[in-house]
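Participant: One structure follows; several queries about it will come next.
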Amino acid sequence: NAYGEQPLVLGMPLWVAVSTGVSFLISCLAAWAAFRTWPS
Amino acid sequence: MSNIPLGPAELGFIAVYLLSLIGIGYCGMRARTENSLKDFYLAGSGVGFLVLVLTLYATQYSGNTLFAFTGKTYRIGYAWLMSVHFMMAIIVVYLVFAPGLHRLAKRESFITPADFLEHRFSHRPYTVLASITMVVAIGNYLLAQLTAMGLLLQGMTTFEPQTAFVAGVILLAVIMLVYETLGGFRAVAWTDVIQGGILMVGFAILLFVVLDHFGGLAKSFETLKEAKPEKVAAPDALTIRRWFSYIVVVGIGGALYPQAIQRIYAARSQRVLRNGVATMAFLPLTASLIAVFVGVTAAASPELATLTDADSDRVFGEVCRIVMDESPFHRWLIVVLLAAVLAALMSTADSVLLSVSSMLTKDIYHRQINPAASEARLTLIGKSMSWVVVAIMAAIAIYLNSLENKPTLVKLMDMKFDMLMQLGPGFILGMHWRGMKPSAPFWGLVSGLALVFALYPVGTLTNWGIHAGVFGLAFNLLVVVALSKWPLGQARSKGVLET
């Protein structure tokens, strides 16, 4: 019962945009995990 | 803080806001159900979803987020994006131990964080040492907030600087003490709703005025790529190591803030706590990320080019000063923003103060000095303790500010997390590992703290980009596991864990 010219994405360098996007995904994962596994 | 002198009407707006906090404190007192420690420090049966989210938000995002985060980004550029990740790491750590801790807290009527350790290990030296570690770690945090309050008032008035600083510290500390003494946790949490709301509005205003005045992120990128390419380039190996280290240090240390643990206790139900934590997972994107965007935009601005790295904590104040001259509308936006800064400082300071007061009263006075004291007497002692602690801290803040060479508080801020994370084995591992022997976390904590303080003067390992706290925690865990697996000696601790 857990790497040259930087293309711009939304005004940010690519690595910043991807890292920020991953932040959002982690937020979604954390919220999902809370709802999925938190005891009632 | 830069000088941003306000007019009578604008100072009047700030005064009304401050007086409303005392009114909320009075309402908190009227809502009191009994004269007990549980009612004073945890609002009796607890708080609902909206209050929990806003009190966690207002407590976790302090004036530091606005001053230090924008300043740090101004210095190192986009690499401070790590602040978004380490604030999120706190929520990930909550997922691991908050449900079990909340369940035990409701069943056993915990009030202070050390109540859990006493219940879990029944090892008095560990309970007392853990409590002292937490008081020392967040005591300097309170000092930093009081200092920032004085500097903010100093910048908002035209009085002689030292006089304005002293008046600012005393005025804001007394207002905070009055509403806290009146309503306890209930007043602190309810004022956090106002302060958290203003802080959220403040971050939105900050993003709007900065992008509106200084131009968008793309423009900043083009400017920085030519003038300061290191601020938009991918971080080097040292910064990458520091990024990982910050995630571990703040993720574990920040989740073990005593005032945050008491909010886990104070949630009315598991459902409220679950919804609160799930919501908090998104809030770094509305606070830390905005501070990073503001810092990067400021770094690209020719209007702020004269600001040296040493003065970078003034970036936020300088941005306010430049923007407010544009129009009366912009001026009032900045006034609301300054109210948000005040909210950020006071909401963090009052929560820390309440937590320190509860630990001194329950863990030290009640547990060690006067176990027979009545609830009413303990509550009176707790309220008195708040006034004594603030009087001492305010005096230290005023003294430090009067010195020619003002000591930096940045080092103390880093020490806070290095110390708090040494409590991780007791709180997090202790929640899940039945085999941990009662004395193991005590010797682990002693070993971890000893290594942390031994590494500070050396600097060799920490210069490699990894915080002293990470090495301390590794040693701490090694001692805990070795003592718990050692075949001889004491019996294992009682199995009162999450079931």
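The values are calculated or read from the model by the stated rules, or taken from the named source; none is laboratory data. Here the structure is a predicted model, which is why all the values come from computation and not from measurement. When we count neighbours, we look across all protein chains shown, and the Cβ atoms used for this are built from the backbone with ideal geometry, even at glycine.
Participant: Quick one: what pairs do we get from region B:319-332, first residue among the acidic types (Asp, Glu), second surrounded by fewer than 22 Cβ atoms within 10 Å (Cβ to Cβ), C-beta under 7 Å, 6+ apart or different chains?
Facilitator: B:326/B:213
Participant: Shifting gears a bit: Considering only helices (runs of 4 or more DSSP H) fully contained in region B:1-100, which possess at least 1 residues that are over 17 Å from the mean Cα position of the chain (by Cα), at pLDDT 80 or above and over 20 Å from residue B:265 (Cα atoms)?
Facilitator: In region B:1-100, B:8-30, B:63-76 are the helices (runs of 4 or more DSSP H) which contain 1 or more residues that are over 17 Å from the mean Cα position of the chain (by Cα), at pLDDT 80 or above and over 20 Å from residue B:265 (Cα atoms).
Participant: I've got another one for you. Regarding residue B:138, is this residue closer than 30 Å to residue B:317 by Cβ, at pLDDT 85 or above and either surrounded by 19 or more Cβ atoms within 10 Å (Cβ to Cβ) or in contact with a helix residue (DSSP H, G or I) (Cβ under 7 Å, 6 or more places away or on another chain) (or both)? Break it down stepwise before answering.
Facilitator: Values: closer than 30 Å to residue B:317 by Cβ: yes; at pLDDT 85 or above: no; either surrounded by 19 or more Cβ atoms within 10 Å (Cβ to Cβ) or in contact with a helix residue (DSSP H, G or I) (Cβ under 7 Å, 6 or more places away or on another chain) (or both): yes.
Considered against the rule, which asks whether it is closer than 30 Å to residue B:317 by Cβ, at pLDDT 85 or above and either surrounded by 19 or more Cβ atoms within 10 Å (Cβ to Cβ) or in contact with a helix residue (DSSP H, G or I) (Cβ under 7 Å, 6 or more places away or on another chain) (or both), residue B:138 comes out as no.
Participant: Among the residues of region B:271-289, is there at least one that is more than 14 Å from chain A (Cβ to nearest Cβ) and part of a loop (DSSP other than H, G, I, E, B)? Before you say what the answer is, go through the steps one by one.
Facilitator: First, pick out the residues of region B:271-289 that are more than 14 Å from chain A (Cβ to nearest Cβ): none.
Looking for residues that are more than 14 Å from chain A (Cβ to nearest Cβ) and part of a loop (DSSP other than H, G, I, E, B), one finds none in region B:271-289, hence no.
Participant: Moving on. Out of the residues in region B:420-459 meeting the condition of being assigned to a loop (DSSP other than H, G, I, E, B) and not basic (Lys, Arg), tell me which one is farthest from residue B:480 (Cα to Cα). Before the answer, list the steps.
Facilitator: Start the filter on region B:420-459 by keeping residues that are assigned to a loop (DSSP other than H, G, I, E, B), which leaves B:433-439, B:459.
Right, trim to not basic (Lys, Arg) and you get B:433, B:435-436, B:438-439, B:459.
Numbers: B:433: 11, B:435: 11, B:436: 7, B:438: 10, B:439: 9, B:459: 25 Å.
Looking at residues that are assigned to a loop (DSSP other than H, G, I, E, B) and not basic (Lys, Arg), I get B:459.
Participant: Here is a check on your reading of the model: is residue B:286 at pLDDT 90 or above, in contact with a helix residue (DSSP H, G or I) (Cβ under 9 Å, 6 or more places away or on another chain), more than 16 Å from residue B:72 (Cα to Cα) and hydroxyl-bearing (Ser, Thr, Tyr)?
Facilitator: Working: at pLDDT 90 or above: no; in contact with a helix residue (DSSP H, G or I) (Cβ under 9 Å, 6 or more places away or on another chain): yes; more than 16 Å from residue B:72 (Cα to Cα): yes; hydroxyl-bearing (Ser, Thr, Tyr): yes.
For residue B:286, the condition - at pLDDT 90 or above, in contact with a helix residue (DSSP H, G or I) (Cβ under 9 Å, 6 or more places away or on another chain), more than 16 Å from residue B:72 (Cα to Cα) and hydroxyl-bearing (Ser, Thr, Tyr) - is not met.
Participant: Considering only residues of region B:336-359 that are at pLDDT below 85 and of a type in the set (Ser, Thr, Tyr), which is farthest from residue B:54 (Cα to Cα)?
Facilitator: B:348
Participant: Then there's this: Restricting the search to region B:310-356, which residues are surrounded by fewer than 17 Cβ atoms within 10 Å (Cβ to Cβ), under 24 Å from the mean Cα position of the chain (by Cα) and not hydrophobic (A, V, I, L, M, F, W, C)?
Facilitator: Selection gives B:311 alone.
Participant: Hey, could you check region B:212-245 for residues that are of a type outside the set (A, V, I, L, M, F, W, C) and crowded, with 22+ Cβ neighbours inside 10 Å and say which is farthest from the other protein chains (Cβ to nearest Cβ)?
Facilitator: Restricting attention to region B:212-245, the residues satisfying the condition of being of a type outside the set (A, V, I, L, M, F, W, C) are B:212-213, B:215-216, B:219-220, B:222-223, B:225-226, B:228-231, B:235-236, B:239, B:241-242, B:245.
From the residues that got through so far, the ones that are crowded, with 22+ Cβ neighbours inside 10 Å too are B:220, B:231.
Details: B:220: 8, B:231: 10 Å.
Once the filter is applied, the top-ranked residue is B:231.
A quick yes/no check of all residues on (1) crowded, with 18+ Cβ neighbours inside 10 Å; (2) over 24 Å from residue B:251 (Cβ atoms):
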position	(1), (2)
B:26	no, yes
B:29	no, yes
B:35	no, yes
B:39	yes, yes
B:42	yes, yes
B:46	yes, yes
B:52	yes, no
B:57	yes, no
B:61	yes, no
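Participant: Any idea which of (1) under 22 Å from residue B:42 (Cβ atoms); (2) among the aliphatic types (A, V, I, L, M); (3) buried (at least 21 other Cβ atoms within 10 Å of the Cβ) is the one residue B:389 doesn't satisfy?
Facilitator: So the condition that residue B:389 fails would be (3).
Participant: Consider residue B:371 against the criteria (1) outside any helix (DSSP H, G or I); (2) under 26 Å from residue B:143 (Cβ atoms): it satisfies all of them except one. Which criterion is unmet?
Facilitator: All conditions are met except number (2).
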